[in-house]
1. What number, rounded to the nearest 500 deg cm²/dmol, is the helix-based mean residue ellipticity at 222 nm of the chain, given -39500 (n - 2.57) per DSSP H run of at least four residues and division by all its residues?
2. Tell me, what is the FRET efficiency for Y109 and T78 to the nearest 0.05, using R0 = 22 angstrom and their Cβ-Cβ distance as r?
3. Using Kirkwood radius over Cα pairs in Å as the read-out, say which of (1) 19.1; (2) 16.3; (3) 23.3 was calculated from these coordinates.
4. Around R84, under 15 Å between beta carbons, what's the net of Lys plus Arg minus Asp minus Glu among the other residues?
5. Residue farthest toward the positive end of the dipole of region 1-99, with Cβ of Lys/Arg at +1 and Asp/Glu at -1: which of A33, Q92, T78?
6. Treating only the Cβ atoms of Lys and Arg (+1) and Asp and Glu (-1) as charged, compute the dipole magnitude of the chain about its Cα centre; round to the nearest 20 debye.
Amino acid sequence: MQEMSELYGTISNLELLHKRTQQTTTHEKLIDARRKLRDLITRRHHRSLQYSKSFFYTHANKGGKYLARLLKGDTPQTRVHKLRLAGGKTSQFPEDIASEFQRYYQQLYNLATQTEQESGISKAELTRTFLQDN
């Protein structure tokens, strides 16, 4: 990890130097440092890939913690941690979130009662006419 951070620092310094001087030797050093970093990342990647392959091979058909974790999968998030209220303000308090859900669903499902009051026809009357027509 230290080698990687040193290479990042070297590359950063060489980039700044190359922007200022525009020398070909600096550019060549920069390309060489980037190549070393790429090779280091590739080696680490291959090492971790080899480890994963061997781990899968040794634990492939055996029951245990690894297989249980694979079969379990991710559980979906079922909690609302933060919610934007009607005024545009966000709240993380459970009381505010609950009241906002209550307000939203009251508004959503009270549409039928509003039209019933406006038209003056009851739900029973609407149901009866619907059944007679169909």
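Read the figures in this text as sums done on the coordinates, not as results from a lab. Remember, predicted model here, so these are calculated numbers, not experimental data. Glycine gets a Cβ as well: all are built from the backbone with ideal geometry, and neighbour counts include every protein chain shown.
1. Values: 6 runs with 100 residues, N = 134.
Computed mean residue ellipticity for the chain: -25000 deg cm²/dmol.
2. Rounded to the nearest 0.05, the efficiency is 0.50.
3. (3)
4. Working: positive: K82, K89, R103; negative: D96, E100.
Charge balance near R84 sits at +1.
5. T78
6. That gives a dipole near 1120 debye.
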